[in-house]
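The values are calculated or read from the model by the stated rules, or taken from the named source; none is laboratory data. Bear in mind the structure is a predicted one, so any value in this text is a computation, not a measurement. Note that each Cβ is placed from the backbone with ideal geometry, even for glycine, and that neighbours are counted across all protein chains shown. These area figures cover heavy atoms from the full protein model, side chains too; ligands, DNA and RNA do not enter into them. Shrake-Rupley method; radii C 1.70, N 1.55, O 1.52, S 1.80 Å.
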Amino acid sequence: MGRSKTIPTKLTDSAATEVILKSEEPMPDDDVDTPPQRPRERGTLKDTLPRKPTFVILLVCLISALLATMLAEYSLKDLNEGVASERRWTFWGVACLGSGSTLVGILYGDSLSHAFAFGVALLILSAKGKSLAALPIFILSFLSMKKQTRTIISSIESTLVYHPTTLQASCLVPFFTVLYKSMASSTAAVGHFSIIPTYAIVSITLVLIHSYNKHRAHKHGNLLTSEMKSHAVAAAISIILSCSLVLQQHDDEYTIKLIVLLLGALFTILMSVFFAAVADVCCTLFRFLGMYGESVGSRVSNLMAYVVKSVGISAVDGDDGISSSFVLSLAMLVSVSVPILNALCPMGGYLFSRAYTHGQPNTKKVALCVNFSDLESGENDLWEYLSQRKDEGEYTAVLNVYVTLNDLQSYPEAVKKLAKKGHHIALAPSDPSGELSLFQGSEAANYVESIVNEYRKVIGTEPSWIAAYGRHPAMLGKATEFGIKVAYWSTLVQVGGDMLSVEQQDDISSDVADKNGGSIVHVTLGKDGSNEFLSASLLAIVNDLSSKGFTFESLLDVARDDATMIL
């Protein structure tokens, strides 16, 4: 206590640096209870959200269900007060199912889990003898649990399906078709469903997705691997097929429930896109919604009720009841928007862990990440070049190497050798076991605990980073308990040939130029790739960025919690 009186009132630069470095040491009690002393960089939300994200998740689900129920009530033209009161709770329950299934896909970052949850929701609301509608989804879920068939699903070509032009046509053409039919018909008849309010919500959602995609912090990054995109295609097809089977029943009551289910999902997507944009630019708004979200939701509901009552266009196909195009277009939007949102924003990562898609900008520092299993064994041009840069005085020419539990157990000496050379060793989840991500909670948490213990034995220090391959909330939460941060990427490069493609080179250059440092570039093997080609690609990236004045540093230096923003 006496020494505290001798601390000088003004620190020198070296002393200040020493204090900052000491503040980075793990302090379990203080880190939880003491608020950060420095402003946090964009992309770090864990300290601004409630300690338990369950409240935020339930709030989103309840508000989405409330809005969907209000929209469904006022869109139906045959509801008197008594019928409306009787159906209100049914609609609310169905909307909660739709919202919950969508939240599964968003929080788990897995389209296959989203499809399975949607199938369960369909099964719950199905009338007796009409449960076959969810069959395509459950068939896909069963196939995804088998290693051989899962590999086939992962190889589905997704480039054409997820091309921007294809997405725009898929979402907009059905809406224009139904809108034309509705406007060409007479005013809404009894039992018809008014579509204009729904299309207003759809339009707002599409505009928000487009705006967020254009203005997000990591403009050139896609947080889905090629396998995840393939899973998203299969999941979207199964959801649309299941909705088609519902329409084949020619049961208006069943179809109305499906619409309410999709509306619950739609409002959840809308709120999630809004949260994603907030997470990117102004995380304090989360607390505002936590305090006033219910009030805001009720006011929006009242406004929506007024709009619905003022409009009389309905989703009808002559005398055949509710338009199948209208329902399928909603199903298409829901099934496609979830993986798009997962590609743009790690919602689960932000809620359950300290997640980073990029680091501190304007520093000329880049984190180059690679999997240990993808590296070429033995000495090669890459290691020789990195060593040469160090000999020339470049002390930060390092790679960030992701190791799995199997890597640490099978190749401890090789991992130690990389660490002694100055490269940063980070953790990586294991390959999927064959189960849906939804059912891997205890397995994911146990894996994190096991790999942390093994890391301590091999490296002798505490791990500080884990790669965001596995996105189960249990894994993210367990990593946070150990003080481990989760690294996504601002640019993902999956090497599938003998050299980087022009598009991949442009993505890296654009991302690095946009941030002028702070980029997290993850290079991994893609389809038909080899270790030799990956090493050559890494060498090409290092040569190119080095010539532009960028240095290669550890994730610890590129993405720092307490780094002051450099604008």
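Can you name the residue in segment 350-369 that is out of contact with any Gly (no Cβ under 6 Å at 6 or more places or on another chain) and over 26 Å from residue 398 (Cα atoms) and is also surrounded by the most Cβ atoms within 10 Å (Cβ to Cβ) among such residues? Talk me through it step by step, then tell me what you get.
First, pick out the residues of segment 350-369 that are out of contact with any Gly (no Cβ under 6 Å at 6 or more places or on another chain): 350-351, 353-354, 366-369.
If we keep only those that are over 26 Å from residue 398 (Cα atoms) too, we end up with 350-351.
On the way: 350: 27, 351: 25.
Looking at the filtered set, the residue picked out is 350.
Residue by residue through segment 276-295, note down the ones that are modelled with pLDDT of 55 or more and either exposed (fewer than 14 other Cβ atoms within 10 Å of the Cβ) or closer than 20 Å to residue 95 by Cα (or both). Even if it seems obvious, please write down each step before you answer.
Going residue by residue through segment 276-295, those that are modelled with pLDDT of 55 or more are 276-281.
Once the filter is applied, which keeps residues that are modelled with pLDDT of 55 or more and either exposed (fewer than 14 other Cβ atoms within 10 Å of the Cβ) or closer than 20 Å to residue 95 by Cα (or both), segment 276-295 yields only 281.
Please find, among 86, 81, 157, the residue that is closer than 29 Å to residue 349 by Cβ, exposed (fewer than 15 other Cβ atoms within 10 Å of the Cβ), among the charged types (D, E, K, R) and modelled with pLDDT under 90. Don't jump to the end; show me each part of the working.
Working: 86 fails: closer than 29 Å to residue 349 by Cβ; 81 fails: closer than 29 Å to residue 349 by Cβ.
Criteria check complete, one pass: 157.
Let's see how each residue does on (1) hydroxyl-bearing (Ser, Thr, Tyr); (2) surrounded by fewer than 16 Cβ atoms within 10 Å (Cβ to Cβ):
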site: 106; (1), (2): no, no
site: 113; (1), (2): yes, no
site: 120; (1), (2): no, no
site: 134; (1), (2): no, no
site: 144; (1), (2): yes, no
site: 148; (1), (2): no, yes
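Picking from 333, 270, 245, 223, which residue would you name as being of a type in the set (A, V, I, L, M, F, W, C), open to solvent by 10 Å² or more (accessible area, probe 1.4 Å), touching a Ser or Thr at 6+ places or on another chain (Cβ under 8 Å) and modelled with pLDDT of 85 or more?
Values: 333 fails: open to solvent by 10 Å² or more (accessible area, probe 1.4 Å); 245 fails: touching a Ser or Thr at 6+ places or on another chain (Cβ under 8 Å); 223 fails: open to solvent by 10 Å² or more (accessible area, probe 1.4 Å).
After applying the criteria, what remains is 270.
Report yes if residue 454 is open to solvent by 40 Å² or more (accessible area, probe 1.4 Å) and not hydroxyl-bearing (Ser, Thr, Tyr), otherwise no.
Numbers: open to solvent by 40 Å² or more (accessible area, probe 1.4 Å): no; not hydroxyl-bearing (Ser, Thr, Tyr): yes.
Spelling it out, it is not the case that residue 454 is open to solvent by 40 Å² or more (accessible area, probe 1.4 Å) and not hydroxyl-bearing (Ser, Thr, Tyr).
For segment 500-519, indicate whether the set of residues that are in a strand (DSSP E or B) and over 17 Å from residue 349 (Cβ atoms) is non-empty. Before you say what the answer is, go through the steps one by one.
Step one: filter segment 500-519 for residues in a strand (DSSP E or B), giving 519.
Remaining after also requiring over 17 Å from residue 349 (Cβ atoms): 519.
Yes, that holds for at least one residue.
Sort out which residues of segment 442-478 are modelled with pLDDT under 90 and of a type in the set (Ser, Thr, Tyr), and write them in order of number.
Listed by number, the residues that qualify are 442, 469.
Condition check: in contact with a Ser or Thr (Cβ under 7 Å, 6 or more places away or on another chain) and buried (at least 22 other Cβ atoms within 10 Å of the Cβ). Does residue 511 satisfy that? Break it down into steps so the answer makes sense when it comes.
Numbers: in contact with a Ser or Thr (Cβ under 7 Å, 6 or more places away or on another chain): yes; buried (at least 22 other Cβ atoms within 10 Å of the Cβ): yes.
Yes.
Is one or more of the residues making up segment 469-476 in a loop (DSSP other than H, G, I, E, B), open to solvent by 30 Å² or more (accessible area, probe 1.4 Å) and without any contact (Cβ under 8 Å) to a residue 40 or more places away in the chain? Give the steps one after another, and end with the answer.
First pass over segment 469-476, keeping only residues in a loop (DSSP other than H, G, I, E, B): 469-472.
Next, from what is left, pick out any that are open to solvent by 30 Å² or more (accessible area, probe 1.4 Å): 469.
Applying the additional criterion that residues be without any contact (Cβ under 8 Å) to a residue 40 or more places away in the chain yields none.
No: segment 469-476 contains no residue that is in a loop (DSSP other than H, G, I, E, B), open to solvent by 30 Å² or more (accessible area, probe 1.4 Å) and without any contact (Cβ under 8 Å) to a residue 40 or more places away in the chain.
Take residue 532 and decide whether it is closer than 24 Å to residue 469 by Cβ, modelled with pLDDT under 80 and surrounded by fewer than 16 Cβ atoms within 10 Å (Cβ to Cβ). I'd like the intermediate steps shown before the answer.
Values: closer than 24 Å to residue 469 by Cβ: yes; modelled with pLDDT under 80: yes; surrounded by fewer than 16 Cβ atoms within 10 Å (Cβ to Cβ): yes.
Yes, satisfied.
Considering 239, 259, which residue is touching a strand residue (DSSP E or B) at 6+ places or on another chain (Cβ under 9 Å), more than 27 Å from residue 467 (Cα to Cα) and buried (at least 21 other Cβ atoms within 10 Å of the Cβ)? Even if it seems obvious, please write down each step before you answer.
Values: 239 fails: touching a strand residue (DSSP E or B) at 6+ places or on another chain (Cβ under 9 Å).
Result: 259 is the single residue among 239, 259 that is touching a strand residue (DSSP E or B) at 6+ places or on another chain (Cβ under 9 Å), more than 27 Å from residue 467 (Cα to Cα) and buried (at least 21 other Cβ atoms within 10 Å of the Cβ).
Check 543, 516 and return the single one that is out of contact with any Pro (no Cβ under 9 Å at 6 or more places or on another chain) and over 12 Å from residue 367 (Cα atoms). Step through it out loud before you land on a result.
Values: 516 fails: out of contact with any Pro (no Cβ under 9 Å at 6 or more places or on another chain).
Selected residue: 543, the only one of 543, 516 that is out of contact with any Pro (no Cβ under 9 Å at 6 or more places or on another chain) and over 12 Å from residue 367 (Cα atoms).
State whether the residues of segment 479-490 include one that is assigned to a loop (DSSP other than H, G, I, E, B), open to solvent by 40 Å² or more (accessible area, probe 1.4 Å), on the phi > 0 side of the Ramachandran plot and modelled with pLDDT of 85 or more.
From segment 479-490, those assigned to a loop (DSSP other than H, G, I, E, B) are 482-484, 488-490; that's our starting set.
Imposing the further condition that a residue be open to solvent by 40 Å² or more (accessible area, probe 1.4 Å) reduces the set to 482-483.
Within this subset, residues satisfying the condition of being on the phi > 0 side of the Ramachandran plot are 483.
Narrowing the set further to residues that are modelled with pLDDT of 85 or more leaves 483.
Yes, the conditions are met somewhere in segment 479-490.
So in segment 93-104, with the set limited to residues that are small (Gly, Ala, Ser) and open to solvent by 10 Å² or more (accessible area, probe 1.4 Å), which one is modelled with the highest pLDDT? Outline the logic, then answer.
Taking segment 93-104 and keeping what is small (Gly, Ala, Ser), we get 93, 95, 98-101.
So of that shortlist, the ones also open to solvent by 10 Å² or more (accessible area, probe 1.4 Å) come out as 93, 100.
Values: 93: 92, 100: 95.
Among those that are small (Gly, Ala, Ser) and open to solvent by 10 Å² or more (accessible area, probe 1.4 Å), it is 100.
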